[in-house]
Amino acid sequence: MAIAAKIQTFIEGASWIRKMFEEGERLRAVHGADNVYDFTLGNPNIEPPARYDEEFRRLAAAPPLGMHRYMSNAGYQETRAAVAEVLSESSGLQVTAANVVMTCGASGALNVVLKTILNPGEEVIILTPHFVEYKFYIDNHGGVPREVWTDPETFQLDLQAIENAISEKTRAIIINTPNNPTGVIYPAESLQKLGDLVQRKEREMERQINVISDEPYARIAYDGMAVPSIFPFIDNAVIVTSHSKDLALPGERIGYLAANPRMTHVELFMEGAIFCNRTLGFVNAPALLQRLVAKLQRESVDIGEYRQKRDLLYEGLTGLGFSMVKPDGAFYLFPRSPIADDVAFVRLAQKHHILLVPGAGFGAPGYFRIAYCVDKGMIERSLPAWGALAREVGL
Ligand SMILES: Cc1ncc(COP(=O)(O)O)c(C=O)c1O
């Protein structure tokens, strides 16, 4: 066999992603790009903030000696200190550069954390609907994913379900707020309750459970909603995040992990994470980008643009009879599929040139995902097609 049987199975399980992409290409070739409404990818269509270009030019005009050399596997001290300063402000705790490792995006950070903590066969709780890659990342490091549903009406944490799933095998829980695909934000009270639960279970079982807070959308929150820092509520928490969304730099692969300074054995955890960043082959996060984001920790893209798009689609689609939670952040909507089979619904949508991702891809059949980090004109042009689709399914 040319590739591992497991990888072949994974590829087949995720083949609808490729099929969707191929169908999009086919539709665009036949009907023209303007007549196809592609809501499948979480790839920001906004350009990075103006300050990014300024810093980029400044750096190019006066490059420091050795700008492209290897550095410490944890990243530049200056960048980690800039990250730590912002995290100290948001958490009210004293986060230092020693608590931060710069990584190749949140994906890199997740893999580094999981490799650092997992023994073979240990379980990681993930909350459904969940980001599609979590299962593969957990598998990368010999762990076993344990899916636990959030509340299917609100997509908020179901603490009882989490408690029921925690066992002697549980090593970590991944939460994602603001959430992909639902757009919900977990309020401070929920984080406090989760922290209390985890701490109680840690005491009962005399073992550490890390809460990994995946937060690449933390700056994309609407209507004055704040995304509370997890650190004041959960001692054994690690933040994993990136500038893929808040600075619209997904192709540049720059992010970080940060451990709560109150974590048990935090120095050992950091030592492990730095070692794993190196031995996973990332070696260090891109040097050029580290220099830039050190200057941009207080910047983000224009959130108002995303809010407008959310409102346009949310109002448009609920007006047609689709039902969904109004998202507080990120750039996704996760409506209920109007017919039970979400894959069949997504196929029907393709007939109207609307490209979507079925909920099954997030472990949540019966829903579908819309990524609205797209051109506003495309959203406006798509509304009549949504109307025709709604009529076809009897809304
Ligand atoms: C919830 C979530 N986590 C992690 C990632 C990975 O992002 P990156 O590796 O670009 O930082 C994404 C990307 O879409 C995401 O939606």
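Taken over the stretch 219-248, residues that are in contact (Cβ under 8 Å) with a residue 60 or more places away in the chain, assigned to a loop (DSSP other than H, G, I, E, B), within 14 Å of the ligand (Cβ to nearest atom) and in contact with a strand residue (DSSP E or B) (Cβ under 8 Å, 6 or more places away or on another chain) amount to 3. Does VAL374 satisfy being assigned to a loop (DSSP other than H, G, I, E, B), crowded, with 18+ Cβ neighbours inside 10 Å and in contact (Cβ under 8 Å) with a residue 12 or more places away in the chain? In short, yes.
With respect to the conditions (1) modelled with pLDDT of 95 or more; (2) within 23 Å of the chain's Cα centre (by Cα), GLY361 falls short on a single one, namely (1). Look at (1) closer than 15 Å to ARG291 by Cα; (2) away from the ligand (no atom under 16 Å from the Cβ); (3) surrounded by 15 or more Cβ atoms within 10 Å (Cβ to Cβ) and you find that SER90 fails only one, number (1).
When residues in the stretch 55-81 are screened for being surrounded by fewer than 17 Cβ atoms within 10 Å (Cβ to Cβ), among the charged types (D, E, K, R) and either over 27 Å from LEU280 (Cβ atoms) or not assigned by TED's automatic domain parsing to the domain that holds GLY281 (or both), 2 of them pass.
Restricting the search to the stretch 92-115, which residues are over 20 Å from the mean Cα position of the chain (by Cα) and in contact (Cβ under 8 Å) with a residue 60 or more places away in the chain? Scanning the stretch 92-115 gives GLY92, LEU93, GLN94, VAL95, THR96, ALA98, ASN99.
Just one of the listed residues (ALA84, ALA29, ALA98) is away from the ligand (no atom under 16 Å from the Cβ) and assigned by TED's automatic domain parsing to the domain that holds LYS309, namely ALA29. Taking the criterion of being near the ligand (Cβ under 9 Å from one of its atoms) and more than 20 Å from ILE185 (Cα to Cα), the residues of the stretch 108-132 that qualify are GLY108, ALA109. When we screen ARG347, ARG307 for residues that are assigned by TED's automatic domain parsing to the domain that holds LYS376 and at pLDDT 95 or above, the only hit is ARG307.
In the set (1) closer than 30 Å to LYS193 by Cα; (2) more than 21 Å from the chain's Cα centre (by Cα); (3) assigned to a loop (DSSP other than H, G, I, E, B), the condition left unmet by GLY281 is number (1).
When the stretch 175-194 is filtered for residues that are under 21 Å from ASN210 (Cβ atoms) and either within 12 Å of the ligand (Cβ to nearest atom) or at pLDDT below 95 (or both), the ones remaining, listed by number, are ILE175, ASN176, THR177, PRO178, ASN179, ASN180. Sub-8 Å Cβ pairs linking a first residue in the stretch 125-138 that is within 15 Å of PRO365 (Cβ to Cβ) to a second residue that is within 12 Å of the ligand (Cβ to nearest atom) and among the aromatic types (Phe, Trp, Tyr), at least 6 apart or interchain, are THR128/PHE362; PRO129/PHE362; HIS130/PHE362; VAL132/PHE362, ordered by first then second residue. (1) more than 24 Å from the chain's Cα centre (by Cα); (2) surrounded by fewer than 16 Cβ atoms within 10 Å (Cβ to Cβ): which one isn't true of VAL36, the others all being true? Failing condition for VAL36: (2).
The values are calculated or read from the model by the stated rules, or taken from the named source; none is laboratory data. Quick caveat: nothing in here was measured; it's all calculated off a predicted structure. Cβ atoms come from the backbone with ideal geometry, glycine included; neighbour counts cover every protein chain shown.
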